[in-house]
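Structure first, then comments.
The values are calculated or read from the model by the stated rules, or taken from the named source; none is laboratory data. Only a predicted model underlies this, so the values are computations on that prediction, with no experimental measurement involved. All Cβ positions, glycine included, derive from the backbone under ideal geometry; neighbour counts span all protein chains shown. Ligands, DNA and RNA are excluded from the accessible area calculation, which covers all protein heavy atoms including side chains. Shrake-Rupley method; radii C 1.70, N 1.55, O 1.52, S 1.80 Å.
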Amino acid sequence: MRRSPRSPIPAVLLLLSCAAPAAAEPLPRRRPSTGPEQEMLDEAKRLVDQGRIADARDIHLTLWRLTRSASDAFRVGMLSFRLRDFQMAAEFLAIYFEMVGTPEAPKIWVPPGFKESYELARANFAEARRHVGAIEVRVSEPGAAVLVDGRQVGVSPLPHPVYVAPGQHRVGAQLAGRQVEVPAAVDAGGERTVWLVLRRADAEAPALPSTSKAAAPPGAALGAAPPRAARDPALRWWTVGGLAATSVALAVVGGVSVAEANDAAGDRDAAFVRARWEAFRCRPGLPACDAYAEADGRARTFTGLSVGAFIGAGLAAGGAVAAGFLLAPEAKVRVGAVGGAPGAALSFGW
């Protein structure tokens, strides 16, 4: 029996139709520029040719706000680098990298020569990072407005760090009437992470006592010393004023005693000179010798009195300062910089 030959072509076609893979979806492309946008692009190119880099960057920055395209982020970043505005260069080049991906795995359609421009952008970004710091902001809740030095930089969670000038900055977040702000310092080329916790309103408000008794003062539960009871202001003034007046009075007595001691010493010296003419040795009953003895006694008495008065004045003055410090409910001593110079400050709160 003779078999009829079969052609393999239909079977091959059937296998190819079944095994053919699905075509890959094309990468998204930037929408065509409108007339006004194209005019702005042409104007920016003309300004670059004229060397007016800052004006050209302003145009691309306006286009970025309108289109949010990777090409505009790239141009803003590259022009900022030429202007040595490293903070804006790092910010927009980071946005560009986030949008386009890599030459090996692009996220959007890229034109020919993309790898060369990408590598140049990478080199400029690395150089810009040497001059600025990076703060990665983590917020406890999504959707919060993130602010750095009072300027909103995005909404949490931020896709990339915030690039700032080296130094101290204020990092905060706001959401539904709640806000938090902390200081953060970063060095050039450095990076740090700041965690922000937005507390709920019920967690922020202190719990009210369930009884009618007076609430304990803050810090009582932690073993802090209870605040001192308020003292009578009249008692404070009388105590400090009395000690101060005593100090002044004793100082006056000391001054008068010094004057009297000096006068008595002068009389004593004069009497001694007279006594030497009357006799070589003083004996009781001689007028010169009696005058000498009386003047010498007065000089010794007033000298001792002046010394005691001055010591008492110093003690009274010290007592006035000590009483003012101890009786003032808010008295405190602060040691540190005073007016830009090291020193100590004694403050009273009456």
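For a quick check of your reading of the model, give me the residue pairs whose first member lies in segment 237-250 and is over 13 Å from residue 315 (Cα atoms) and among the hydroxyl-bearing types (Ser, Thr, Tyr), whose second is open to solvent by less than 50 Å² (accessible area, probe 1.4 Å) and in a helix (DSSP H, G or I), with beta-carbon atoms closer than 6 Å and at least 6 apart or on different chains.
Close Cβ pairs satisfying both conditions: 239/323.
Need pairs with beta-carbon distance below 8 Å; first residue in contact (Cβ under 8 Å) with a residue 24 or more places away in the chain and open to solvent by less than 20 Å² (accessible area, probe 1.4 Å) and within segment 90-101, second among the polar types (S, T, N, Q) and in a helix (DSSP H, G or I); sequence gap 6+ or separate chains.
That search, which allows pairs on different chains as well, returns 92/80; 93/124.
Out of segment 141-153, which residues are in a strand (DSSP E or B) and either surrounded by 15 or more Cβ atoms within 10 Å (Cβ to Cβ) or β-branched (Val, Ile, Thr) (or both)?
145, 146, 147, 148, 153 - these are the residues of segment 141-153 that are in a strand (DSSP E or B) and either surrounded by 15 or more Cβ atoms within 10 Å (Cβ to Cβ) or β-branched (Val, Ile, Thr) (or both).
Restricting attention to segment 87-102, does a residue exist that is closer than 30 Å to residue 26 by Cβ, modelled with pLDDT of 85 or more and in a loop (DSSP other than H, G, I, E, B)?
Within segment 87-102, one or more residues are closer than 30 Å to residue 26 by Cβ, modelled with pLDDT of 85 or more and in a loop (DSSP other than H, G, I, E, B).
Of all residues being surrounded by fewer than 22 Cβ atoms within 10 Å (Cβ to Cβ) and not charged (D, E, K, R) in segment 79-89, which is nearest to residue 128 (Cα to Cα)? Just the residue, please.
86
Would you mind stating whether residue 307 is modelled with pLDDT of 70 or more, surrounded by fewer than 14 Cβ atoms within 10 Å (Cβ to Cβ), in a helix (DSSP H, G or I) and hydrophobic (A, V, I, L, M, F, W, C)? If you could, list the steps in order and put the result at the bottom.
Working: modelled with pLDDT of 70 or more: yes; surrounded by fewer than 14 Cβ atoms within 10 Å (Cβ to Cβ): no; in a helix (DSSP H, G or I): yes; hydrophobic (A, V, I, L, M, F, W, C): yes.
It is false that residue 307 is modelled with pLDDT of 70 or more, surrounded by fewer than 14 Cβ atoms within 10 Å (Cβ to Cβ), in a helix (DSSP H, G or I) and hydrophobic (A, V, I, L, M, F, W, C).
In segment 52-67, is there at least one residue being in a loop (DSSP other than H, G, I, E, B) and under 22 Å from residue 119 (Cα atoms)?
No - not one qualifying residue is present in segment 52-67.
Which numbered condition in (1) open to solvent by less than 80 Å² (accessible area, probe 1.4 Å); (2) touching a Pro at 6+ places or on another chain (Cβ under 7 Å); (3) over 26 Å from residue 72 (Cα atoms) is the only one that residue 114 fails?
Residue 114 satisfies every listed condition except (3).
Might you check whether a residue that is closer than 17 Å to residue 199 by Cα and surrounded by 13 or more Cβ atoms within 10 Å (Cβ to Cβ) occurs anywhere in segment 119-138? Reasoning before the result, please.
Within segment 119-138, the first condition is being closer than 17 Å to residue 199 by Cα, and the residues that meet it are 137-138.
Then keep just the ones that are surrounded by 13 or more Cβ atoms within 10 Å (Cβ to Cβ); that gives 137-138.
Yes, segment 119-138 has at least one match.
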